[in-house]
Amino acid sequence: MSTSDVTRRAGDHKGEGRKREGRKGEQPMVPPAAFTSYYGTPVLNPPVWEARDIAGYFFLGGLAGGASLLAAGADLTGQPALGRVAKAGAFAGGLLSFGLLVDDLGRPARFLNMLRVFKPTSPMSVGSWVLAGYVPACGVAALCAMTGRLPRAGAIATTGAAVLAPVVASYTAALISDTAVPAWHDGYPEMPFVFTGSGAMAAGGLALLAAPPSESAPARNLAILGTAMELAAFTRMERRIGMTAEPYTTGRGGRYLRAAKILALAGAAGAAASGLLPGRALPGREGSGRRVVAALSGAALVAASAATRWGIFHAGLESARDPKYTVVPQRQRRAAQAADGVPPATRIPPA
């Protein structure tokens, strides 16, 4: 075959290629790719935490923080019975929360190792130091309140615990938001308000359950305020994060959170109603009607707070297992950055 024949045939092929390119009505044989899975495997390694340890640690820490604030308020307003209940609840919640954290770590020495350094950029480091100071302060406050001795030391300990209480109630929200778990990380602006409101709701519910009705007004107000804060922050978070919020409405996490919402609304309504009941609701038993309603409302509020923490925990695990909650939002953010004119080299999904 001569060189001219080869050249002619190559030209013919080029001409055919041009004809094919110019044909109208051709459809691509492969449809646009839609991401559903990364070969059926997760992109992230889900946390290996146990629900009993970590979800319980979240719940009890929030309850303790809210109870410490309630105890300080009870002391300032001269309500000793409410103060004793709140201080005992704060100490019990803080101690149990600390115990669950140590159980998750495996042995106490690992907690002590975390106190070797203080790292302000690490929620776990900050939380460990705060917890190390908070639990002893709660213990001194509760002991002084129960025995009636050393009132000045008890007042100092109560104040110290109240100062640390907001951090105790909310730092676990920063802890989970600092992970790569999509349902937790994407909700970082609202998560501290969800956890703080949930802690206040639990503390108010505990006081309604155990304190005398004559001193339950501060607990009732705290419970209603905490319920409103939690529900408002959680609703805003769900609307803002879009598809990443799906695990909060489906599966095991969704079931916990639906139960939490029902219990929270019922408990808050009961708490409000208990303040309107007369002191002698049942014949011959002073305040018994108010007492029953307050106790049932308190139990519902405590259960709602616990269900919220378990629901958030399981929803986070589910979002880590399904790769679409990691990949699809990243692609959406990159597309939005491209539309805004961000240079390609800097189109990195926010950490």
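The table below lists the values:
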read-out: Filter pass, ALA307 being in contact with a Gly (Cβ under 8 Å, 6 or more places away or on another chain) and at pLDDT 95 or above; value: no
read-out: ALA273 being of a type in the set (A, V, I, L, M), under 21 Å from LEU82 (Cβ atoms) and either surrounded by fewer than 19 Cβ atoms within 10 Å (Cβ to Cβ) or in contact with a Cys (Cβ under 8 Å, 6 or more places away or on another chain) (or both); value: yes
read-out: Subset of region 101-154 (residues that are outside any loop (DSSP other than H, G, I, E, B) and among the basic types (Lys, Arg)); value: ARG110, ARG152
read-out: Within region 125-157, considering residues that are of a type outside the set (A, V, I, L, M, F, W, C) and closer than 18 Å to ALA81 by Cβ, the one nearest to the chain's Cα centre (by Cα); value: GLY154
read-out: Region 223-275, subset within 19 Å of PHE313 (Cβ to Cβ) and outside any helix (DSSP H, G or I), residue farthest from the chain's Cα centre (by Cα); value: THR250
read-out: Among residues of region 260-269, those that are out of contact with any Leu (no Cβ under 6 Å at 6 or more places or on another chain) and crowded, with 17+ Cβ neighbours inside 10 Å, counted; value: 5
read-out: Residue tally, condition in contact with a helix residue (DSSP H, G or I) (Cβ under 7 Å, 6 or more places away or on another chain), among the basic types (Lys, Arg) and modelled with pLDDT under 85, over region 245-290; value: 1
read-out: Meets criteria (outside any loop (DSSP other than H, G, I, E, B), within 30 Å of TYR325 (Cα to Cα) and at pLDDT 90 or above) for GLY61; value: yes
read-out: Residues that are farther than 15 Å from SER214 by Cα and either polar (S, T, N, Q) or assigned to a loop (DSSP other than H, G, I, E, B) (or both), drawn from region 68-92; value: SER68
read-out: Subset of region 106-121 (residues that are free of Cβ contacts under 8 Å to residues at least 12 places away in the same chain and under 23 Å from the mean Cα position of the chain (by Cα)); value: LYS119, PRO120, THR121
read-out: Residue list for region 218-259, restricted to those being touching a His at 6+ places or on another chain (Cβ under 8 Å), under 13 Å from THR308 (Cβ atoms) and surrounded by fewer than 21 Cβ atoms within 10 Å (Cβ to Cβ); value: none
read-out: Test: GLN337 is at pLDDT below 95, out of contact with any Lys or Arg (no Cβ under 6 Å at 6 or more places or on another chain) and over 30 Å from ASP53 (Cβ atoms); value: no
read-out: Lone unmet requirement of (1) of a type outside the set (Lys, Arg); (2) at pLDDT 95 or above; (3) crowded, with 24+ Cβ neighbours inside 10 Å for ALA145; value: (2)
read-out: Yes/no for ALA74 being surrounded by fewer than 18 Cβ atoms within 10 Å (Cβ to Cβ) and either within 13 Å of ALA165 (Cα to Cα) or small (Gly, Ala, Ser) (or both); value: no
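The values are calculated or read from the model by the stated rules, or taken from the named source; none is laboratory data. The structure displayed is predicted, hence computed values, not measured ones. Glycine also receives a Cβ, built like all others from the backbone with ideal geometry; neighbour counts cover every protein chain displayed.
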